[in-house]
Amino acid sequence: SKATVSVLNCPCTHTKHTATMCTVATINNMLTSSGGRDLLMGVAQFFPVVLLPVAERTGNTALVASLQKLAAMAGDYRSVTRLTALFAMLTKGKVPTVGNSLESVSGFLSYLCMLVFFPMENLAVLAGKGVLAQGVSEERKAQFGPRCVYFWFYSLVFEQVNHITALARLSTDSSSAGQQKLRQRIKTFVSSLCWFIMAWGSMPAKGTVQLLSNPETSILRPLHLLVEKTTVQQLPVGPFAKGVCGAVATTLAIMDHN
């Protein structure tokens, strides 16, 4: 008979848990939410990239092509469906309040950057797939990707500040609950740091991000200049390193997914 297992916060409804029951229940629980599906697709996106060097050494070109296509397909799925997160962020209780602390301000700025990132990411995907071909110049389409990466990068910059200030605050709490929150925050910080490295490695290799095509005639010209002046050059990390970061961040997120 199958051995029963003790699993903390297992979504399985059976009185006697088994590893199989808990695994199936956990996967089902993840598939019922957009965030859970995004994480599972993250496995399909990043783990093939990590396995690519091994596949290349075998000389099996068909396997290499399959892994590349699987990663690309999962990445496209995540980019298209991630727009649902924008509506989740705008629901009641999700909008962060701004206080006087650095932790609060950095969290709110990260939130604002993500609000801009989600629609821009979808525009970048649509432009890349040729959906926005009509009436959009090649120069404009080429800027959709850098724009969304810029706001993703800075959302993570502010998120790192938020995590660091929170870690400093929690480190002074010696209670068992405080220490548990500290350990949880460290895992979240490591996951966020992995995404940060990925985002930095996806910034433009040269030049600056152009938020507007004709900034001289726009009321958003100050924001355009700010984006232009704060563009950082790409971190020199390859696809394998970014794949590892994505795999680690996704794994940590799955471990914490309820």
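The values are calculated or read from the model by the stated rules, or taken from the named source; none is laboratory data. Predicted, not measured: the structure shown is a model, and the values here were computed from it. No Cβ is skipped: glycine too gets one built from the backbone with ideal geometry, and neighbour counts run over all protein chains shown. Accessible surface areas use protein heavy atoms only, side chains included; no ligands, DNA or RNA. Shrake-Rupley method; radii C 1.70, N 1.55, O 1.52, S 1.80 Å.
Kindly evaluate Thr97 against the criterion of being part of a loop (DSSP other than H, G, I, E, B) and touching a helix residue (DSSP H, G or I) at 6+ places or on another chain (Cβ under 9 Å).
Against the criterion (part of a loop (DSSP other than H, G, I, E, B) and touching a helix residue (DSSP H, G or I) at 6+ places or on another chain (Cβ under 9 Å)), Thr97 qualifies.
May I ask you to list the residues in region 136-183 that are assigned to a helix (DSSP H, G or I) and farther than 30 Å from Gln234 by Cα?
Passing the criteria: Arg169, Leu170, Ser176, Ala177, Gly178, Gln179, Gln180, Lys181, Leu182, Arg183.
Taking region 216-258, which residues are β-branched (Val, Ile, Thr), within 15 Å of the chain's Cα centre (by Cα) and open to solvent by less than 40 Å² (accessible area, probe 1.4 Å)?
Answer for region 216-258, where residues must be β-branched (Val, Ile, Thr), within 15 Å of the chain's Cα centre (by Cα) and open to solvent by less than 40 Å² (accessible area, probe 1.4 Å): just Thr250.
Looking only at region 189-209, filter to residues that are out of contact with any Cys (no Cβ under 6 Å at 6 or more places or on another chain), of a type outside the set (Phe, Trp, Tyr) and open to solvent by 50 Å² or more (accessible area, probe 1.4 Å); which one of those is farthest from Gly145 (Cα to Cα)?
Taking the candidates together, the pick is Val190.
Can you tell me how many residues within region 145-187 are in contact (Cβ under 8 Å) with a residue 60 or more places away in the chain, surrounded by fewer than 19 Cβ atoms within 10 Å (Cβ to Cβ) and either closer than 30 Å to Val80 by Cα or not hydroxyl-bearing (Ser, Thr, Tyr) (or both)?
Residues meeting the conditions: 3.
Output the residue which, of all residues in region 12-59 that are open to solvent by less than 70 Å² (accessible area, probe 1.4 Å), of a type outside the set (A, V, I, L, M, F, W, C) and modelled with pLDDT of 90 or more, is farthest from Ala74 (Cα to Cα).
Applying the filter and picking the extreme gives Gly59.
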